[in-house]
Every structure is written in structure tokens, then in C-alpha cells.
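Have a look at the structure below, then the notes.
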Amino acid sequence: MTDAKPIRRIAIIGTGVIGASWSSLFLAKGLQVVATDIAPNAEAALRKFVETAWPALTRLGLSPGASQSNLKFTPDVAQALDGADLVQENGPERIEFKQKLYGQLDELLPPDVIIASSSSGLTMSEIQKGAVSHPERCVIAHPFNPPHLIPLTEIVGGAKTSEATIRRAEEFYTSIGQRTVRLNKEMPGHVANRLQAALSREVYYLVAEGVVSAADVDTALSWGPGLRWGVMGSMMLNHLGGGPGGIEHFFQQFTGPMTAWWKTLGSPVLTPDVQKKLIDSVHAEAGSRTIAQLEAERDEVLLGLIELRKKAAKPS
Ligand SMILES: NC(=O)c1ccc[n+]([C@@H]2O[C@H](COP(=O)([O-])OP(=O)(O)OC[C@H]3O[C@@H](n4cnc5c(N)ncnc54)[C@H](O)[C@@H]3O)[C@@H](O)[C@H]2O)c1
């Protein structure tokens, strides 16, 4: 561990989809949360979100001291930052907005406070141009929605981020149960979203070409590779795919066919007509099930899977 002071109080900037979910997770981990947002109904919406998320977080296990009463809200950004050990920034995904905000945060915060951005698509090298005094304490800590359930945080610094900031961020997110992935260089969309984008491109292509329906492509994905990917990643599964000969044998056997398929992968253009075809196929798959019912179906199995994986990951 570094000798920096422990991270106990988090300032949340922006309490929309991601800020509300991060707040719930931090509270469940026994941390103090002070949130701020400019939207008129933000506090009520945030408290409602946390209350709704709490049963799932309780099922996954609350840390000592975890309580919804550790949540404070203020519309005043300076008040939210007062005494914070780390800032999790979840404001709108616009570079001018973030640069201006980082200028303000940089002026208000002591230099040893990390400013972590949830940004999905902007690079820290661009964002930290706004933090003139201490850009070295700014880092991307990108969650996978919803962060209170999905324990993945991608960490990547910008040109001016210090190694100490990256290390401290890795330690902090790991200490609250996140699996952290460090990117050695900046990439648009980071890693997990690029993987999703690559796969979605082929999914849309296959449905748009009429090869399969949305229902069938989803069955092929979620009952085939998806089941395995919920347990192990692609590289390790390739190692197993090679049998006793492992990854070396996998490449001997599959390099030819796999690279031949790559040449036929699609690049669909999402014209209004193509989108309509995809949308109609998704509605046929969803049938009479509402979004809320589908979310409940997803979350019930997801919680079970997360519990199982946590159990399997415990040292024996
Ligand atoms: N939605 C996702 O799936 C997802 C996943 C990972 C990361 N992210 C990233 O998280 C960030 C937030 O995305 P979101 O989906 O939660 O957006 P959102 O629109 O739901 O929330 C943004 C919030 O910021 C608030 N806000 C605007 N100006 C503000 C200010 N000056 N001070 C404080 N709050 C302010 C808005 O009122 C709003 O509540 C983005 O950078 C996005 O790239 C989003």
C-alpha cells in the first residue's frame, strides 16, 4: 500500500445513471458519500436509486459501517468537495464541460485528492488540460454500467497523470471489491466497450442480412460463448480450446479458419431502414415482456452469477 491517507469520503459530481450507481456502491462499502448535481430533483432521485439498489447490495454483502445514512447531498460543489479524499466525476460527456469542471475542481481541492472520471469516451489527456495546477492527480476510472453490480473498473491515465495516482486508484478500487484493468495507453472507448462494439457490429450485421433473428442471435450468444465468458475471458478459453496442447495448439489448429472468417465479418451501416429491421426483430424477441420485467430477469441471474463467482474466487 502507498502511505497516502486512506480514502474514506467520496465526493460524487453528477448523480445521473452512473453517479447514482457509484454512490450506492460506495455506501455499501462503508464509505461516506457527499454528492452534488445541478438538476432540480437530483437529491430525491439519488436517494430513491440508492434505496432501490440496497436489497441487491445487501444480498451481495454490506461492509461494516455501510449505511444509506452516510449519504449527504448538496447543490454546492465546493461543499461537496470539502474533506473529500477522492472525487468520482460523472458529469455530461462533453469535453468543454469536463475541462471547465476540472479547472474548478483543481482550484478547490488539495493536491493529494484524486479526481477520477467515469468518462466512457473522452481521454484523460484532453480532460486534464483543464486542471492546470495538478493534472497529475486526474485519472480515468471507468465503470461498467451499473457499477453497483458489475465489479469492473478500467483505469487509465493521461499524458500528465502520475504513476502514483494510477497506483493509488488501482489500490482503492480493488479495496472495494472492483476488478481493475489498467490500460497502458489511451484508447477511444477503453477496452470493455470496444469489445462490446466489435461484437455488436457482427450481431447487427447477421440480423440485418437476415441470417438470424434477434432472438436466435441472442440465444447463440448468451447460451454459447456468453455462458463461458461469464466465467473466463477469451484468451484463457482459447488456451482451453487447444486441449492438452493449450494456446500453442489452438493457434496451430485455428489460425487458418479464424483469420479466413475475419475477412467475412460485417460492417453494417445503421441506416434508418436497417435500424427498423433490428428494432422490429428485438420487439419480436421481447414479446409482451416489459423493460422492467426484462431487467428483473437479468438482475436475478446476474446476482446469482456474481455470488457464484465471488465464492469461486475465494482462496481455499
Ligand atoms: N451511462 C452509461 O452506461 C455509462 C457507463 C460508464 C461511464 N459513463 C460515463 O459517466 C458519465 C456520466 O454519464 P451518465 O450516463 O451518468 O449521464 P447522465 O446524463 O445520466 O448524468 C449526468 C449528470 O450530471 C449532472 N450535471 C450536469 N452538469 C453538472 C454540474 N455542473 N455539476 C454537477 N452535476 C452536473 C446532470 O444533471 C446529470 O444528472 C459520462 O462521462 C459517461 O461517459 C456512462
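The figures follow:
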{"quantity": "In order through segment 140-157: 3J(HN,Hα) via Karplus (6.51 cos²θ - 1.76 cosθ + 1.60), integer Hz, x for Gly, Pro", "calculated": "8, 10, 8, x, 10, 5, x, x, 6, 10, 8, x, 10, 10, 9, 10, 8, x"}
{"quantity": "Distant-in-sequence amide H partners of Arg182 (H built 1.01 Å from N, under 5 Å)", "calculated": "Ile155"}
{"quantity": "Least to most buried among Phe26, Phe251, Phe144 (fewest other Cβ within 10 Å first)", "calculated": "Phe251, Phe144, Phe26"}
{"quantity": "Value at 222 nm in deg cm²/dmol, rounded to 500, when DSSP H runs of n ≥ 4 in the chain each add -39,500 (n - 2.57)", "calculated": "-16000 deg cm²/dmol"}
{"quantity": "Where Rh is the Kirkwood radius over Cα pairs, Rg/Rh for segment 129-204", "calculated": "1.03"}
{"quantity": "Distance cut-off 18 Å, percentage of C-alpha pairs in segment 1-101 lying past it", "calculated": "46"}
{"quantity": "Degrees separating the helix 42-60 axis from the principal Cα axis of the chain, which is the longest one", "calculated": "60"}
{"quantity": "Proximal charge balance of Leu152 [Cβ under 14 Å; K/R count +1, D/E count -1]", "calculated": "+3"}
{"quantity": "Nonlocal amide H pairs with Ala35, under 5 Å, H built at 1.01 Å", "calculated": "Ile12, Lys72, Phe73, Thr74"}
{"quantity": "Pairs beyond 20 Å (Cα-Cα), from Lys5/Lys160; Lys5/Lys100; Lys129/Lys160; Lys5/Lys72; Lys48/Lys100; Lys185/Lys310", "calculated": "Lys5/Lys160; Lys5/Lys100; Lys5/Lys72; Lys48/Lys100; Lys185/Lys310"}
{"quantity": "Cβ-based exposure ranking for Tyr204, Tyr102, in which fewest neighbours within 10 Å come first", "calculated": "Tyr204, Tyr102"}
{"quantity": "Amide H contacts of Leu152 (H built 1.01 Å from N, under 5 Å, at least 5 apart or other chain)", "calculated": "Phe144, Arg179"}
{"quantity": "In sequence order, calculated HN-Hα J values of segment 278-286 (Karplus, 6.51, -1.76, 1.60; Hz; x Gly/Pro)", "calculated": "5, 5, 4, 5, 5, 5, 5, 5, 5"}
{"quantity": "J(HN,Hα) series, segment 127-134, from Karplus relation 6.51 cos²θ - 1.76 cosθ + 1.60, nearest Hz, glycine and proline x", "calculated": "4, 6, 4, x, 8, 6, 6, 9"}
{"quantity": "Radius 13 Å from Cβ of Leu31, net charge of other residues (Lys, Arg +1; Asp, Glu -1)", "calculated": "+3"}
{"quantity": "Fewest-first sequence of Val301, Val139 by Cβ atoms within 10 Å of each Cβ", "calculated": "Val301, Val139"}
{"quantity": "Computed P(r) (all Cα pairs; the chain; 10 Å bins; percent)", "calculated": "5, 22, 29, 25, 15, 3, 0"}
{"quantity": "Separation in nanometres of the label points that stand 7 Å from Cα toward Cβ, at Ala286 and Arg194", "calculated": "3.1"}
{"quantity": "Net charge contributed by nearby residues that have their C-beta within less than 12 Å of Pro55 (K/R +1, D/E -1)", "calculated": "-2"}
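Readers should treat all values here as calculations from the given coordinates under stated rules, not as data from a laboratory. Quantities reported herein were computed from a predicted structural model and do not represent experimental measurements. We place every Cβ from the backbone using ideal geometry, glycine too, and count neighbours over all the protein chains shown.
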